[in-house]
Every structure is written in structure tokens, then in C-alpha cells.
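The values are calculated or read from the model by the stated rules, or taken from the named source; none is laboratory data. A quick note: this is a predicted structure, and the numbers were derived from the prediction, not measured. Using ideal geometry, Cβ is built from the backbone for each residue, glycine included, and neighbour counts are taken over all protein chains shown.
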Amino acid sequence: MKQSRLFAPTLREVPADADVVSHQLLLRAGFIRQNAAGIYSFLPLGKKVLHKVEAIIREEMENAGSNEMTMPSLQLAELWQESGRWYSYGPELMRLKDRNGREFALGPTHEEVITSLIRDEVKSYKKLPLNLFQIQTKFRDEKRPRFGLLRGREFIMKDAYSFHSSQESLDATYEDMKEAYNNIFSRCGLNFRAVLADSGAIGGKDNHEFMVLSEIGEDLIAYSSESDFAANIEMAPVNVTYEASSESKKEMEKIHTGEAKTIEEVSAILTIDSSKIIKSVLFMADEEPVLVLVRGDHDVNDIKVKNVLGAAAAELATPEETEKVFSCKPGNIGPVSVPQNVKLIADHAVEYMVNAVAGANEANHHFQHVNPGIDFEVTRFADLRFIQEGDASPDGKGVIRFAKGIEVGHVFKLGQVYSNPLNASFLDENGKSQTMTMGCYGIGVSRTLAAVAEENNDDRGLIWPLSLAPFDVHILAANSKDEIQTDLSEKLYDELKDAGYDCLYDDRKERAGVKFADADLFGIPVRVTVGKKAADGIVEMKVRKTGEMNEVHVKELIEAIK
Ligand code: ATP
Ligand code: MG
Ligand code: MG
Ligand code: MG
């Protein structure tokens, strides 16, 4: 590609509203442009990198036996009503109507669509397991779109879904997917870690997030200094459970009777016995803190419990909508799950405690009201445990350390969370009808690109790893008025192209300084400058990452670039 033809509008100034370095540099280097909050165009250089990320993902997914396909972004509301998520997903789900008033969602994820497809097409155990993926634009009306591509409202995701006739089969695929993810993020040159995660909006049990360790990460990870233990801090407090002592319970009664009112009073009670907990989950529902507390003998990861928690949180966000969930399926909670915007905020837990109690009361009341049949109770109070840096790791090996992470991937064992309500069943060896078991596996493709940019740059610009660079080699003639230099540049450009390198040749009539600055900004791994020694067949080769510069004879250039 000749640079005179390339659309890469670079900026010298740091854009005012870009607060992280990847966002700034991707804008400055002309890789992306913002269209509206959280909505971006990929300009040609950005698109080239995106293609490379996608190619790596595609290759590793196909190696792991996943089939590529494409599903629609426009999804019928009916499907989301069947799963219950139409009511529980919250305002992150973008909803619209067609000309006849029929309701649709713009897909934030595709569990409903794929499950409805597979239930109609796959009827026998002989066709299972099945693993399908797509790379596609997703829509989520994020409350705070920010950090450029890292949290968009329209973004590119790879999502995969697997269907199984048994838990063992799901377990095997889950391990294959984790391995594929390790390969993908390694090939992208990222420093990442797989961490135990909470299953949030999607439901289901086992799940891991792939976190890029980064100062700007929005997730907090607790990991052991001495072992493989690593958990999203969202998960950690509900992972380790203790019964509260009766004394502590008595004290905490004061919180729920309202005797303790202020933040100070509540926190004083909580610190009395902070190592003992009854399971508790603090949600944020639409900015409203909601603490739902579950007695120690119930498993908060149990899907029924999750449903209740989700319903409770959803109710507090939009009571009418939750009512719809229950009224459409009387006596059956259905797969209501925790809304996307619900998050455990350990840092601010105490602050929210006071308000939260009221929320839990309401949730409890609501649950009792709609579901008198089940043996289950959302109690109104409990202790909340804060994991601290320096605590013993839950596996007994080493102590807890904290790090921030960017979630680039997420693998879930969904079990039957979707196949149940959507009736995805198959006939087993004995001709008996069984419900399918499912897994799902996501990667933020555009977020991965931004995470790579965030972790690979210097004060002059981006520094792409070889695997993702928009071009392999950047050639430029220092003096574009010098015919010896431009002739040699053209020649090298052709030779390198013939040798299979993807080259960008800066043929613009610009000053050398401008060309160098743009080259550093783009971050192509190798720069070849054709300068004063062109007549002797000598050029300068510079490695973007290390800054290492060498003079090379053109005859040895291809060898040197390898
Ligand atoms: P987050 O916790 O950051 O909101 P999530 O847990 O809601 O992400 P998933 O539902 O697990 O996201 O989606 C799969 C992947 O899609 C995530 O691991 C992440 O890499 C990516 N992703 C999710 N939301 C966004 C977004 N708003 N912009 C860009 N990528 C996203
Ligand atoms: Mg999210
Ligand atoms: Mg998440
Ligand atoms: Mg996730």
C-alpha cells in the first residue's frame, strides 16, 4: 500500500475526551474515529489490525472444532421473553419496534437465538456435541461507554456456543475452549490470566474470565502469590462462606431493624465479625444499591437462587417489568438472571448497606408473594466479607494480592439455563428425551485490539506485535525529491511485496520529520528508511519496539527483516 493512497488521518494533539492511552493513540494514529458515545468507525489501519485479531481467533476456534456462522443482530422480543431476559436484562438491552409495532432487540449476545436454532435442528444425541461461533457486532447500551473501544455500545465480539448430551462432554469442550483462549491471547502478545468469575447476567455455574493485567482495568482480581488461585473480586466474597456467629447475627439485627442507621454505625457492626459471613450479594441495579442476602445453607451459585436474586434486583430496577416475568410464568421463576448492570461493589459496600436493607426487605416480600411454593428464603441481613490484600489465599497457598484486569474473554458452563426454558431437548441412546447441556464462550474482539494498544506503546505512538501489526514493514524515502531514494524505495517495496511482506510505502511529498513521526505513531514493527546512502545500496532499518537501528545493504534486507 502506498501511503499517498492510505486514509489514515493522524492528529498531532491528544484528543481532549480520550482518557486512556489506547484511546488517544488509536485516534491520533487514525485507526478509529468516534461516531457517537461508544460507537466507532474502524479506519483502514484499525480494520487491518481487527482482521488480524479475528484471523487468530478464527484459526484457534476452528482448530478446537468450532464452526463459524453468522446470526442476525435483530432478534425477536418473543425469544427474549421465552428466556425471561427481556424483563431482567435491564436498560443495556437496545429495544426497537418494526413498522408493524413488533418488538425486537439489537443483540447484545446470542444465547436465545442459537438455542432456538439448535432446538429446531438437532434432535438426536448422535449430532452432539456441537460447537458454533460467530464474529459479529454486538449492541449494549452501556451506562458508561468509555475508554474508546474498551467499553463500546456497539462493539465486535466473538461468541461461541456449545451443545452437549452430558456434563462430561461440556467439561471437555470447556477445557478445549480455555486452551484455545490461552493460545489466542498468547498470540496477541498479551499478559493475561484466567480467573474464576461470577456468572452475572448469563447464569450458570463454572466460569472463567480472561483478564489482561492492566492499570486501567475495570475489574479487580484477587490472586494468590504462590499458586494458580485467581478470582474476580466479584466472585471471591461468595466463594468462601462461613456462618455468622449468633452474637454477630444479633448485632446485625440492628442493621435490619433500622437501629443502626448511619454508615458509621453499620460499618462498626460489620467490622466486629468481618471474617464470618452468611452469603451475601450486593447488587447495583440502575445505580440503586440492592443487597440481597441469602442464608448460609443456600448456595448463591444455585441457579434457582440466582434467579431470585436476579428477579429481586430487576424488580428494584423496574418493578413493572419484573411483574411481567412472573405473570407470564406463574409459579415458575424461569431463567430470570441478574441484569448486566448489576455488580458487586466491595469497595463501597458499607456505604450502601443502609439503603440496601430496604431493598432486601422488598425483594424478600416479593419473592414470598410470587413463589410461596419453594423452600427458600431471602433473608434480610448478613455480614459482608471484604477480602483484603495479605489475607490467606482460599487454597491455603500464599497470600492474596490484588491486580486490575481488562476482561477480554469469558467462558461459561451454562448447563441448562437456556436449554430448559427454551426447550432444547434431544433423544438419548434409549430414545428418551433429555435437555441439552450448554456452554458459551465470548471474546471482546475490538476490546482485545484496544487492550493490545493499551499495553504496547511509548510516548511516540503505538507498538504492534508482529502478529497484529497493520503492516509488516514501513518503507520511507527520507527525501522525496531525491530520485535515487524514491527509485530505491519503490524497488524495495516491490521486492518485499514479492517476498510476501505486507508493506506500507510512504511515498508522500512530506518532510522526513513528518514521515518519521507518523511511522512511530502507526507502530509498524520494522521501518526501512532510504536516505543519503541510497546510492551505495545502504538503507537504515529500525525496530519500532526496541528502537534498535542498523544500516543494512539492500541485498541483505530481506534476511535482516526475517
Ligand atoms: P464487562 O464486565 O466488561 O461489562 P461483560 O462481562 O458484560 O463485560 P460478556 O457478556 O462476558 O461481557 O461478553 C463477552 C466479552 O465481550 C467480554 O469478555 C468482553 O471482552 C467483551 N465486551 C463486553 N462488553 C463490552 C463492551 N461494552 N465493549 C467492548 N467489549 C465488550
Ligand atoms: Mg457488561
Ligand atoms: Mg464482566
Ligand atoms: Mg463477562
Out of everything in region 461-471 that is out of contact with any Leu (no Cβ under 7 Å at 6 or more places or on another chain) and in contact (Cβ under 8 Å) with a residue 60 or more places away in the chain, what residue ends up being surrounded by the fewest Cβ atoms within 10 Å (Cβ to Cβ)?
SER467
Within the bounds of region 148-164, is there any residue that is touching a Pro at 6+ places or on another chain (Cβ under 6 Å) and either within 13 Å of ligand 4 (Cβ to nearest atom) or among the charged types (D, E, K, R) (or both)?
yes
What are the residue pairs meeting all of these: first residue in region 192-215, first residue within 14 Å of ligand 2 (Cβ to nearest atom) and part of a loop (DSSP other than H, G, I, E, B), second residue among the polar types (S, T, N, Q) and at pLDDT 50 or above, Cβ atoms under 6 Å, and 6 or more apart or on different chains?
ALA197/ASN207; ALA197/ASN232; SER199/ASN207
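Considering only residues that are among the hydrophobic types (A, V, I, L, M, F, W, C) and within 14 Å of ligand 1 (Cβ to nearest atom), which ones fall in region 399-416? Before you say what the answer is, go through the steps one by one.
Taking region 399-416 and keeping what is among the hydrophobic types (A, V, I, L, M, F, W, C), we get 399-400, 402-403, 406, 408, 411-412, 414.
Result: ILE406, VAL408, VAL411, PHE412, LEU414.
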The lone condition TYR441 fails out of (1) modelled with pLDDT of 95 or more; (2) more than 16 Å from ligand 1 (Cβ to nearest atom) is (2)
Quick check on region 218-229. Is at least one of its residues within 16 Å of ligand 2 (Cβ to nearest atom), at pLDDT below 95 and either assigned to a helix (DSSP H, G or I) or under 30 Å from PRO129 (Cα atoms) (or both)?
no
Can you tell me which of LEU504, LEU496, LEU466, LEU492 is touching a Gly at 6+ places or on another chain (Cβ under 9 Å) and modelled with pLDDT of 95 or more?
LEU466
Looking at THR109, THR70 in this structure, which one is within 16 Å of ligand 2 (Cβ to nearest atom), touching a strand residue (DSSP E or B) at 6+ places or on another chain (Cβ under 7 Å) and either within 26 Å of ARG144 (Cβ to Cβ) or outside any helix (DSSP H, G or I) (or both)?
THR109
Restricting to region 423-464, name every residue that is away from ligand 3 (no atom under 16 Å from the Cβ), closer than 23 Å to GLU62 by Cβ and not in a strand (DSSP E or B).
MET436, LEU449, VAL452
Count of region 1-51 residues which are in a helix (DSSP H, G or I) and either in contact with a helix residue (DSSP H, G or I) (Cβ under 9 Å, 6 or more places away or on another chain) or more than 26 Å from LEU496 (Cα to Cα) (or both):
13
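Among the listed residues ARG5, ARG58, identify the single one that is basic (Lys, Arg) and in contact (Cβ under 8 Å) with a residue 24 or more places away in the chain.
Of the residues listed, the single one that is basic (Lys, Arg) and in contact (Cβ under 8 Å) with a residue 24 or more places away in the chain is ARG58.
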Scan region 388-422 for residues that are closer than 17 Å to GLU111 by Cβ and in a loop (DSSP other than H, G, I, E, B) and jot them down.
GLN416, VAL417, TYR418, SER419, ASN420, PRO421, LEU422
Within region 524-543, the count of residues that are among the aliphatic types (A, V, I, L, M), over 35 Å from the mean Cα position of the chain (by Cα) and outside any strand (DSSP E or B) comes to 2
Only one of ARG95, ARG99, ARG144, ARG140 is touching a Leu at 6+ places or on another chain (Cβ under 9 Å) and without any contact (Cβ under 8 Å) to a residue 24 or more places away in the chain. Can you tell me which?
ARG95
